[in-house]
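Data first, discussion second: the structure below is written as structure tokens.
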Amino acid sequence: MISDTELQEMYGWMVTARYYEERLQEEYLEGKQPAFDISAGPIPGELHLAAGQEAAAAGVCSHLRDADTVTAPHRPHHVAIAKGVDLKRMTAEIFGRRTGLCKGKGGHMHLFDSTVNFAGSGIIAEGCPPAVGAALAAEKRGEDNVAVAYLGEGAISQGGFLESLNLASVQNLPVLFVIEDNDWAISMPKERVTDVGNGSQRADGFDMPGKRVDYDDACAVYEAAGEAIGRARDGNGPTLLEVQVHRRMGHFMGDAEGYRPEADSERAKQRDSIERMESTLQKAGIDDDTIDDIRDRSHQRVEDAIEWAKDQPEPDPDEAYNDVFTNPPAGWTPNTKPGQTESAGGDD
Amino acid sequence: MAEADESETTGERETTMSRAMVSAIASEMRDSDDVFVMGEDVADYGGIFDSTDGLLEEFGREKIMDVPISETGFIGAAVGAAQAGMRPIAELMFADFFGVGMDQIYNQMAKNTYMSGSTVNVPMVLMTAVGGTYNDAAQHSQTLYGTFAHLPGMKVVVPSTAADAKGLMHTAIRDDDPVVYMFHKRLMGIGWMPAPDGPKTSVPEDDYTIDFGEADVKREGDDVTVVTLGLHVHRALEAADALAEEVDVEVIDLRTLVPLDTETVLESVRKTGRLVVVDEDYHSFGLSGEIVARATEGALANLSAVRRVTMPDAPIPYARPLEQEVNPGREDIIEAVQSTTE
Ligand SMILES: Cc1ncc(C[n+]2csc(CCOP(=O)(O)OP(=O)(O)O)c2C)c(N)n1
Ligand SMILES: [Mg+2]
């Protein structure tokens with residue numbers, strides 16, 4: 001049974017995440033007018049937003065504590081929010097500010113918050129092996145922490161994922177792999193790149209439990225993830241969970257989605273996990289005032305984070321050369337300025 | 001650069017680097033059934049950086065193949081198909097993703113000819129996007145020129161203009177060896193990533209090849225030699241123009257790294273006595289060091305100053321002021337050139 005508190009918490013994360021993506025979209029596109037230039041505006045670079053995928057984040061992270069590890073792929077914001085990553089510092093990172101989570105070095109695909117054991121990677125499926133490693137560390141230390149690796153359905157054909165399934169299985173490690181199936185890998189529909197419609201069947205080949213949640217209902221995800229994470233904490237090994245979610249926006253901002261049938265985009269927008277969650281809350285007897293209040297507070301939290309982030313200083317250019325090593329070797333330099341390192345002489 | 005009316009009569013057309021690449025691929029595909037393209041988002045999307053734009057419409061899905069996100073799988077499949085006599089073009093979306101398929105690249109593609117005593121050859125093109133300047137951070141901004149050029153057995157090509165992109169692509173597809181074709185995103189002429197002036201050039205409409213191993217002297221000068229490639233050819237030319245009153249700068253575009261046109265570099269430094277290497281790759285153990293080494297081996301007595309303007313030995317940061325700091329700009333090149341004459 002999901003408690004009212006948990007329901008409200010999940011709903012809060014979901015509306016926070018949805019509103020966050022909508023606001024980032026606005027901020028991102030501002031400054032990219034009239035012509036879209038990826039390097040212009042307050043948020044430069046690629047931006048992959050997760051509107052429509054909130055249920056997969058909320059239903060899983062509801063079972064996690066700070067000491068549990070989560071690795072996220074290039075589309076990480078909803079998961080970061082549900083895992084409890086500091087929203088202000090995450091936003092400052094996305095805006096490239098010095099007080100961002102990673103001092104402006106990582107950017108939106110590479111968010112790291114070690115206080116809640118959250119890490120990102122932009123290389124498809126390459127967050128899976130480190131999640132297995134986090135689980136290995138927990139097991140070796142006799143702790144009952146778990147690790148969760150998120151990936152998209154396009155990533156399940158990648159060696160790094162399949163090798164991780166096998167390693168986690170043969171070592172019986174406390175890992176949950178969560179596939180967010182949004183039907184698309186950039187412009188490639190799922191059926192073009194795999195003959196297995198149900199990605200959780202990949203688990204069969206590794207003698208691991210696999211489960212698919214066919215609709216983006218946070219409560220159904222909660223049930224499935226609860227079972228898997230409970231099993232992992234009890235020392236009973238890994239699970240593969242796939243959740244059907246929806247990509248409400250382009251692959252990245254600026255993607256005109258010329259390859260995507262109109263009807264598919266429309267369908268993605270109609271299946272709204274947030275509306276579904278609201279009716280779940282109502283059915284649980286949570287009154288509308290409470291729901292409105294959660295929504296309003298979540299929106300305010302996002303506005304506060306964005307306002308704070310935009311107020312933060314940009315990094316000093318020289319900071320580019322720090323952080324290469326934790327313990328820079330004596331005599332090592334990053335070779336910063338031209339002409340510093342050599343001036344070979346013949347007959348000079 | 002050709003005027004619009006002139007181009008009509010000479011059969012040339014002003015075009016972007018991506019259009020030039022696509023026209024070479026299309027022409028080779030019309031000529032040979034052995035040529036086909038494999039990659040992520042190469043079909044309907046036309047390549048994230050427009051490198052295959054429009055090919056699906058003409059050649060269909062059999063020839064313009066979207067493949068699963070499995071770089072080891074499809075790059076390795078290109079190796080196998082090439083060994084079976086086909087001429088595949090495999091696109092690695094960003095050079096930064098090389099790690100995921102690296103064994104197929106350097107242990108199979110690059111070595112099978114040698115290991116087989118030339119009983120096998122691998123006539124494929126590995127086409128890949130490189131470079132930063134748009135805040136895509138550490139995993140999506142590298143050039144890695146030195147990494148690929150270091151490992152024996154692959155030819156490595158880096159065009160800086162549309163005209164070169166087309167000729168080098170024809171040569172790459174017809175070559176009987178594996179060719180790594182590294183195109184800089186900022187030069188492609190993509191709508192959402194404006195290119196600087198320079199890469200868009202007049203391009204002959206007929207097919208033509210450009211021999212590997214021939215650097216292009218972009219600008220002649222007597223005082224200082226700047227050796228560079230890719231995006232930084234254009235930055236170096238800007239720097240040279242800005243310096244025109246005080247220093248006479250020669251700018252050399254390497255165009256291919258394997259083979260490397262050492263002779264053109266030596267000829268130039270024998271004349272100028274001063275060498276500045278400008279490279280968007282990391283500083284140490286790479287391209288800039290190699291050029292300096294060759295210059296000193298071949299023209300030590302002529303050299304009075306050597307500088308390298310490169311990315312530092314640090315991963316590439318996200319935030320705008322940080323990336324601008326590390327990626328060599330026009331001013332960095334000007335400073336380095338000036339420092340050689342002090
Ligand atoms: C190894 C590697 N190959 C390719 C890419 C480029 N890329 C970024 S996102 C993406 C599609 C991912 O699809 P999916 O896993 O379904 O995630 P989604 O974008 O749908 O959330 C691709 C191909 C990459 N980042 N890393
Ligand atoms: Mg997907």
Cross-link reach from A:Lys83 to aspartates and glutamates, straight Cα distance under 13 Å and at least 8 residues apart if same chain, gives A:Glu9, A:Glu54, A:Asp66, A:Asp68, A:Asp113
Between A:Asp204 and A:Thr5, the FRET efficiency computed from the C-beta separation at R0 = 30 Å comes out, to the nearest 0.05, as 0.25
Averaged over peptide B:92-104, how many Cβ atoms belonging to another chain are found within 10 Å of each residue's Cβ?
2
Checking rank on A:90-98, B:263-271, B:19-27, B:229-237, with mean other Cβ inside 10 Å and highest first, the result is B:229-237, A:90-98, B:19-27, B:263-271
Between B:Thr341 and A:Gln270, the two model label points (7 Å from Cα along the beta-carbon direction) sit apart by a distance in nm of 7.0 nm
20 Å Cα-Cα threshold exceeded, pairs from A:Lys32/B:Lys200; A:Lys105/A:Lys310; A:Lys310/B:Lys185; B:Lys111/B:Lys155
A:Lys32/B:Lys200; A:Lys310/B:Lys185
Expected max-MSF residue from A:Lys269, A:Lys103, A:Lys283 in the GNM of chain A (alpha carbon, under 10 Å) is A:Lys283
Whether the range A:150-245 is rounded, prolate or oblate, judged on the alpha carbon gyration tensor where a/c under 1.5 counts as rounded:
oblate
Would you look at the GNM of chain B, springs on alpha carbons closer than 10 Å, and say which of B:Asp197, B:Asp216, B:Asp253 moves the most?
B:Asp197
Taking the alpha-carbon distance from B:Lys63 and a cut-off under 23 Å, which lysines remain once sequence neighbours fewer than 8 residues away in the same chain are dropped?
A:Lys190, B:Lys166
Place a label point 7 angstrom from the Cα of A:Asp316 along the Cα-to-Cβ direction, then list the residues of the range A:81-106 whose backbone nitrogen is under 17 Å away.
A:97-100, A:103-105
Mean separation of Cα pairs under 8 Å and 6+ residues apart, divided by the residue count of chain B: what relative contact order is that in percent?
16 percent
Share, in percent, of DSSP beta bridges within the range B:12-204 that are antiparallel, nearest 5:
15 percent
Which percent, nearest 5, of DSSP beta bridges in the range B:181-319 are antiparallel?
20 percent
Overall form of the range A:91-229 per C-alpha gyration tensor (a/c, 1.5; a/b vs b/c):
oblate
Label-point gap, in nm, between B:Glu297 and A:Asp144 - each point 7 angstrom along Cα→Cβ
6.4 nm
Within a Gaussian network of chain A (alpha carbon springs, distance under 10 Å), most fluctuating of A:Leu167, A:Leu64, A:Leu241
A:Leu167
Within a 10 angstrom radius of each residue's Cβ in A:311-317, how many Cβ atoms of other chains show up on average? Whole number is fine.
3
How would you order A:260-267, B:202-209 from highest to lowest mean count of nearby Cβ atoms within 10 Å?
B:202-209, A:260-267
Be a star and scan the range A:124-160 for residues whose amide nitrogen sits under 14 Å from the point 7 Å along the Cα-to-Cβ vector of B:Asp103.
A:159-160
Of all DSSP beta bridges with both partners in the protein assembly as shown, the antiparallel percent, nearest 5, is 20 percent
Peptide-level mean, for A:98-107, of C-beta atoms on other protein chains within 10 Å:
5
Each label sits 7 Å from Cα toward the beta-carbon; between A:Arg23 and B:Thr209 the label points are separated, in nm, by 5.9 nm
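Where a ≥ b ≥ c are the square roots of the eigenvalues of the C-alpha gyration tensor, would you call the range B:192-247 rounded, which needs a/c under 1.5, or, failing that, prolate if a/b is larger than b/c, or oblate?
Cα axes put the range B:192-247 in the oblate bin.
No lab work stands behind these numbers, since they all come straight from the coordinates. These figures come from a predicted structure and were not determined experimentally. Cβ coordinates were reconstructed from backbone atoms using ideal geometry, including for glycine residues, and neighbour counts include every protein chain displayed.
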